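See below for the structure under consideration.
The values are calculated or read from the model by the stated rules, or taken from the named source; none is laboratory data. Please read these numbers as outputs of a predicted model, since none were measured by experiment. FYI the Cβ positions are ideal-geometry reconstructions off the backbone, even for glycines, and counts take in every protein chain you see.
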Ligand SMILES: Nc1ncnc2c1ncn2[C@@H]1O[C@H](COP(=O)(O)OP(=O)(O)OP(=O)(O)O)[C@@H](O)[C@H]1O
């Protein structure tokens, strides 16, 4: 099923319904049980209200009356001092609903949000200064962690749901916290709808436009990044050729794959970057580096491990825990005699090393060799490999030292360093032998 497709329910499918016991989810549960599907009503006890135990009993009884199975999860803990109760309850509720659905073997969860909820979400997002993604409001259907969260009544007016509930003589809970003026959504509800009763449809339409525009913007970013990104490098010179709006859109999309960066970082980066300059910007969880007109993401490097010995005399992938990568050893030329690779010392760069890239190139300081190879400064820490005679054998990111090459026609193994980021299937890889 496509990521945003609204699922169709077939007979005997397992359908979970997020059931608070309120009007809307009671009506939704009722409809679901008449669809021929196997229905599981899921209730989350937030441990916030004195009546919550009573609500659990009510929900269980209603589910049973409708012929649905019932499950409940009680949230433990409490929001930290200064944290929003709403956000704490929402996160906990989402986790609980996910876990209960998956545990029951389901992959479809229905929520009873309706048109007014969507209109309120749009307004609340707008008041927070949200971008298109926030203004787009809640999606009708969205796959997350193997579960489809669907809101089949997102376009329905609340009055229609009320009429349905009245027609079927349904009973529901009135949650007093829905009137609690400490919550922004309640204040907004109380102020906006009496003053602008007809605004709901317009606000929901605005959210739909935002959804469409957001999808378009994401498509453009994907196309731009396909041209601008090679491996882990974003071409800043090419980015700067785009219109400001398009450049910030592409940069935002690229950043989102690495960090949860504030919008201000995108603006700063575009304003402060200078062609050719080596620059860095801290960001949550790491830093962005501009180097030779490319932008790179780097997570903070831990202290390099203590020097140690390694045996790289057999072909295969040899992970180096603590160094953030692995040595790939393969038969081939140019290469190094296997015997010489049997006992190597691996350690960080010290500063005075010299390196020779090819048999016919000059011996250089390691620093100069890194510069010539375009190896960014934050990737120059190592590891470096030395043989028992303290001859430099290889450097991560640069490759083998030509002084160590085996004679022609001698058996030889080539060494290459692979960063963890270049090893997507690292989990399954073990040190391998020929
Ligand atoms: N405690 C809960 N347990 C299970 N699902 C919940 C719970 N609270 C909310 N939901 C789900 O999220 C939807 C939206 O939540 P919201 O807080 O707007 O609803 P509500 O006012 O509590 O109840 P209702 O929407 O049923 O009238 C609900 O319709 C329901 O599907």
The range 16-32, subset within 8 Å of the ligand (Cβ to nearest atom) and part of a strand (DSSP E or B), residue nearest to residue 179 (Cα to Cα): 18
Residues of the range 264-275 that turn out to be surrounded by 12 or more Cβ atoms within 10 Å (Cβ to Cβ) and either closer than 24 Å to residue 371 by Cα or under 22 Å from the mean Cα position of the chain (by Cα) (or both), as a count: 5
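Yes/no per residue for (1) loosely packed, with under 12 Cβ neighbours inside 10 Å; (2) out of contact with any strand residue (DSSP E or B) (no Cβ under 6 Å at 6 or more places or on another chain):
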residue: 114; (1), (2): no, yes
residue: 117; (1), (2): no, yes
residue: 143; (1), (2): no, yes
residue: 150; (1), (2): no, no
residue: 160; (1), (2): no, yes
residue: 174; (1), (2): yes, yes
residue: 186; (1), (2): no, yes
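Only one of these is in contact with a helix residue (DSSP H, G or I) (Cβ under 8 Å, 6 or more places away or on another chain) and more than 9 Å from the ligand (Cβ to nearest atom): 60, 86. Name it.
Details: 60 fails: in contact with a helix residue (DSSP H, G or I) (Cβ under 8 Å, 6 or more places away or on another chain).
Exactly one residue qualifies, and that residue is 86.
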Condition broken by residue 192, with the remaining ones in (1) surrounded by 14 or more Cβ atoms within 10 Å (Cβ to Cβ); (2) closer than 30 Å to residue 9 by Cβ; (3) at pLDDT 95 or above satisfied: (2)
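Applying the selection to the range 241-258, what residues are farther than 13 Å from residue 225 by Cα and either without any contact (Cβ under 8 Å) to a residue 24 or more places away in the chain or surrounded by fewer than 17 Cβ atoms within 10 Å (Cβ to Cβ) (or both)?
Initial filter on the range 241-258 (farther than 13 Å from residue 225 by Cα): 241, 243-245, 258.
The answer is 241, 243, 244, 245.
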Residue in the range 160-184 that is nearest to the chain's Cα centre (by Cα), counting only those that are more than 12 Å from the ligand (Cβ to nearest atom) and at pLDDT 95 or above: 160
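Listed residues 35, 47; which is more than 9 Å from the ligand (Cβ to nearest atom), assigned by TED's automatic domain parsing to the domain that holds residue 114, at pLDDT below 95 and under 31 Å from the mean Cα position of the chain (by Cα)? Give the steps one after another, and end with the answer.
Numbers: 35 fails: under 31 Å from the mean Cα position of the chain (by Cα).
Within the list 35, 47, the selection yields 47.
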Out of 125, 156, sole residue that is buried (at least 18 other Cβ atoms within 10 Å of the Cβ) and away from the ligand (no atom under 15 Å from the Cβ): 125
Residue tally, condition outside any strand (DSSP E or B), on the phi > 0 side of the Ramachandran plot and in contact (Cβ under 8 Å) with a residue 60 or more places away in the chain, over the range 272-326: 2
